[in-house]
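As structure tokens, the structure follows; a few thoughts come after it.
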Amino acid sequence: YGDTRDLHSFPTRRSSDLACTWSVAAEVGKAVEAIYSYDTANLDDTENRALSFITGSYGDQFRQNFSAVQALGPQSNISLSSKVADAGVEMLTDRRATLLVMVNQVGRQGDNPAPLTAQIRLTVTAEKVGGQWKVSDVEQR
């Protein structure tokens with residue numbers, strides 16, 4: 001994950017630490033993939049996995065958004081798979097990070113063999129909690 005071209009221009013002292021930068025991008029990328037993927041056949045597992053990567057009030061926002069997916073129910077046979085294509089660290093301190101994350105998504109519905117694809121850009125704020133980077137806010141760009 002990440003684009004190393006402009007790492008030296010970031011305004012924080014830790015941004016020049018490539019190992020730390022790559023680590024936060026990888027952890028947050030994994031979190032974004034879990035938060036933005038679901039399968040209506042396994043809604044409880046999907047929700048619990050996503051929530052394990054979330055901290056603070058963003059948990060309430062996620063639950064509110066995820067309730068729309070839950071309303072579809074398992075009979076709808078819908079899934080969304082999200083993969084981080086790239087993540088760039090915009091700001092990084094010991095406890096907080098902001099990243100620009102590019103995500104490729106593939107959605108499937110029922111027996112329809114043609115998947116729906118999309119690309120989204122997110123600004124993700126993460127906080128270090130118990131040694132793990134967790135998502136505390138997401139804004140779609």
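The values are calculated or read from the model by the stated rules, or taken from the named source; none is laboratory data. What you see is a predicted model; the values in this text were computed from it and never measured. Neighbour counts are summed over all protein chains in view; Cβ atoms, including those assigned to glycine, are modelled from backbone coordinates with ideal geometry. Side chains included, ligands, DNA and RNA excluded: accessible areas come from the protein's heavy atoms. Shrake-Rupley method; radii C 1.70, N 1.55, O 1.52, S 1.80 Å.
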Original post:
Name the pairs: first residue in segment 115-133 and free of Cβ contacts under 8 Å to residues at least 12 places away in the same chain, second residue in a strand (DSSP E or B) and small (Gly, Ala, Ser), Cβ to Cβ under 6 Å, at least 6 apart or on different chains?
Top reply: 116/107
**OP:** Go through segment 22-58 and count every residue that is more than 17 Å from residue 122 (Cα to Cα) and in a helix (DSSP H, G or I).
**Re:** 13
Subject >> Subset of segment 98-141 that is open to solvent by less than 90 Å² (accessible area, probe 1.4 Å) and in contact with a Pro (Cβ under 7 Å, 6 or more places away or on another chain) - its residue that is farthest from residue 75 (Cα to Cα) >> reply: 106
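Looking at 76, 136, 67, 81, which one is of a type outside the set (Lys, Arg), over 17 Å from the mean Cα position of the chain (by Cα) and at pLDDT 95 or above?
Details: 76 fails: at pLDDT 95 or above; 136 fails: over 17 Å from the mean Cα position of the chain (by Cα); 81 fails: over 17 Å from the mean Cα position of the chain (by Cα).
Matching residue, one of 76, 136, 67, 81: 67.
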